[in-house]
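Reviewing the structure listed below.
The values are calculated or read from the model by the stated rules, or taken from the named source; none is laboratory data. This one's a predicted model, so the numbers in the text were calculated from it and none came from an experiment. Quick reminder, even Gly has a Cβ in these numbers, built from the backbone with ideal geometry, and neighbours come from all protein chains shown. SASA here: full protein model, heavy atoms, side chains in, ligands and nucleic acids out. Shrake-Rupley method; radii C 1.70, N 1.55, O 1.52, S 1.80 Å.
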Amino acid sequence: MFRKQECVAMLLAGGQGSRLYALTRRIAKPAVPYGGKYRIIDFPLSNCVNSGIETVGVLTQYQPLELNDYIGSGQPWDLDRMDAGVHVLPPYQRNQGADWYKGTANAIYQNIDFIQRYDPEYVLVLSGDHIYKMDYSDMLAYHKEKGADCTIAVLDVPKEEASRFGILNTNPDGSIYEFDEKPAVPKSTLASMGIYIFTWEKLRKYLIADEEDSTSQNDFGKNVLPAMLNAGEQMFAWRFDGYWKDVGTIDSLWEANMDLLDPNVPLDLADPTWKIYSRNPGMPPQYLSATSQVQNSSITEGCAIHGKVESSVIFAGVTIEEGAEIVQSILMPGSVVRKGAKVQYAILAEDVEVGEDAVVGEAPEEIDDLSRWGVAVVASGVKVGKGGKVLAKSMIEADVKDGEEVSANA
Amino acid sequence: MRNYSALGLIFANMHDESFRDGTAVRSMGSLPFGGRYRLIDFPLSAMVNAGITKVGVITKSNYQSLMDHLGSGKAWDLSRKNEGLYFLPPRSSDDAMYQGRIGSLVDVIPFLNHSKEELVILADCHMVTSMDYDALIKAHVDSGADVTMVCRHGAVPKLADIPVLTMDASCHVTDLLLGRIADQTAYYGTGVYVMRKDWLLRTITEAAARNLYHFERDILQRRLDELKICGYVASSLVMPIYSTESYFNANLALLEDEVRSQLFPHHRPVYTKLKDCDPVQYGLHAEVTNCLVGDGAHVDGKVKNSIIFRGVKISRHAQLENCVVMQNVTVGDHCKLSNIIVDKNVAIRGGVTLQGSESYPVYIAKNSIV
């Protein structure tokens, strides 16, 4: 017997995040490290707990090992509960055969039994791609108030950026009359955030119908939501006005980390009333030596800093030796930067070693042709040899030899 | 797999009286240390790292903060279906029962009786070390001693009744004095003992029946000739805490690479209660050199040679040197602090100047507003 839950959350965490290239070679996008000690999935999970949602299904598919280990029993998010809590839901084999999750809607369809055992009124569908703090209970209250069948969270985006998003066109009462996917000439600036609340009874009906339609791609945005709208279901847009960032590309991931260093960006990870929980590394406090110079940076436990760090986000257990310099960069757990090396405008994935006097990344002001500039990325476990040079926009997945220079086109 | 089974007992209140500034509101075991730890984390982690899965924590008084810190024992991997962490507060309010170590042990006889482990390791919290208890227990088993006591060679700490040992070449204790004699350098006991559980049960029951309650005096010293007592010289760093000054120095010693590498060995982690702090934020005006900083701290001032605990906020233009600043302290603008220990949750308002001296640090009590 499972206790009835008013609302169950389903978190779509199977995506590869292919535009993060080297960073998601071995891990799913929701497991990508962010902000010094978090992973992207910490945000929707913590939002659920803080919003009073006790049951979360995490749908995994691509490279699930690290994500599964990370979620574990759910204890770090207080989601190790007697019958509620977090459940990892990979695709599975049934007596009629086995399927991968074909699309976002199919992933939920395949887990109808999981949802059904909690007999919920509502289902919240989330993705593991965004950095934001949101009280889903406010959105649910709106959904109930409107008597909606589906409520979609929307963000008011600048007019010039609207054509990059899925835009919702709404009536004055907030009801949706049209979906406009990446419109050339947007009629509104309300972009879908990929956060949906459905009345479960309705959603179940549409998921079953969608599955029976062999022409469907089994995707919420492309199939299920348009089907609901065409059938005249009550669909509403709920406006969110806090910080929200899609971290689907190298540049946006880098920017979202840099946002943490900007006091004007409204994303406060220290707010005790809305904590973001994570699996803590449990290392000794960080040590800043007599030769260290650290400004405008965020640094996590277990680090030993002997060099200069400016406007950077440093994850747990990183070592920066004397004379090394880190500027506008993100160093993921366990990386080592040797004496005299320089890392600028770069992302170093886990356990990267940058050899003595090596240089990773370039500052935009030192480049004449700005089209050549971009954040340099070094994949996890890669060694950059002594005096090696990694130019802007490079994506390094193999070791760089001593003195070797690698550019973006290599 | 280990070929012995051992049970741990930690005395959380032992030596409280030696450092009243720090233990006025808490037990010795829950005294904050090193930016994120409490003293009990060291013996508790050492036990866990030696494969011990059953640990009793004996408390006498002032143990709310300790209970809060330990919780279910999850952070030490001691929240277990089988065995785990046991909190052992006094069984009755009869003060006569809690005389010395033996009194406390007599009080936990049912716990000992219910345990199937053959060996018991006893530890106090006042000596900070990450020594290898596995090697210690093996040495005890190999020596065939009745009691093995961990000792350290050096200047004997100013603690009442500290055991001072003389040993022969095979580490057999041949003489045992209690208390320090002038500025003496010698082998002294660190409050860590290993023995058979059945031997301990028999011995404490007998001692209590004779109204003898001082473990070191009434058992070890009195029966020195009849028992085989061996000393085990700790090879790794041990930092005794027995006064405000020694507490201050032990914290600041963590700024030395060698001390940190001995206290936080990679293969024997020190566990502690986890908090969901954000990473340390260094502001545009931060100038931080030779410091140990716990997560959740926000630093925008000038900080030198200091230990900064989790959640401390240091404003712009504040200057700190040689300070130990505990959890959730706030230091306002233009403050100048040197040689100060600031206990938890203290608020130091802007513009305050406070100065202690290296040999006489000033202690600011918990929850004060300066």
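Which residues, taken from the stretch A:18-48, are surrounded by fewer than 24 Cβ atoms within 10 Å (Cβ to Cβ), in contact (Cβ under 8 Å) with a residue 12 or more places away in the chain and of a type in the set (Gly, Ala, Ser)?
Listed by number, the residues that qualify are A:22, A:46.
What are the residues in the stretch A:145-203 that are open to solvent by 40 Å² or more (accessible area, probe 1.4 Å), touching a Gly at 6+ places or on another chain (Cβ under 8 Å) and on the phi < 0 side of the Ramachandran plot, if any?
Those that are open to solvent by 40 Å² or more (accessible area, probe 1.4 Å), touching a Gly at 6+ places or on another chain (Cβ under 8 Å) and on the phi < 0 side of the Ramachandran plot: A:146, A:179, A:181.
Sort out which residues of the stretch B:120-154 are part of a strand (DSSP E or B), open to solvent by 10 Å² or more (accessible area, probe 1.4 Å) and under 20 Å from residue B:267 (Cα atoms), and write them in order of number.
Of everything in the stretch B:120-154, nothing turns out to be part of a strand (DSSP E or B), open to solvent by 10 Å² or more (accessible area, probe 1.4 Å) and under 20 Å from residue B:267 (Cα atoms).
Just give me the residues in the stretch B:285-305 being in contact (Cβ under 8 Å) with a residue 24 or more places away in the chain and under 14 Å from residue A:289 (Cα atoms), in sequence order.
B:290, B:291, B:292, B:293, B:305
Taking the residues in the stretch B:290-331 that are open to solvent by 10 Å² or more (accessible area, probe 1.4 Å) and more than 27 Å from residue A:264 (Cα to Cα) as candidates, determine which candidate is nearest to the other protein chains (Cβ to nearest Cβ).
B:290
Scan the stretch B:207-216 and tell me whether some residue there is open to solvent by 20 Å² or more (accessible area, probe 1.4 Å), over 17 Å from residue B:123 (Cα atoms) and assigned to a helix (DSSP H, G or I).
Yes: one or more hits.
From the list B:252, B:237, pick out the single residue that is open to solvent by less than 40 Å² (accessible area, probe 1.4 Å), out of contact with any helix residue (DSSP H, G or I) (no Cβ under 7 Å at 6 or more places or on another chain) and in contact (Cβ under 8 Å) with a residue 60 or more places away in the chain. First the steps, then the outcome.
Values: B:237 fails: out of contact with any helix residue (DSSP H, G or I) (no Cβ under 7 Å at 6 or more places or on another chain).
Just one listed residue meets the conditions, B:252.
I'd like to check something: does the stretch A:221-235 contain any residue that is open to solvent by less than 50 Å² (accessible area, probe 1.4 Å) and within 30 Å of residue A:347 (Cβ to Cβ)? Before the answer, list the steps.
First, the residues of the stretch A:221-235 that are open to solvent by less than 50 Å² (accessible area, probe 1.4 Å): A:221, A:223-229, A:233, A:235.
Still in the running and within 30 Å of residue A:347 (Cβ to Cβ): A:221.
Yes - at least one qualifying residue is present in the stretch A:221-235.
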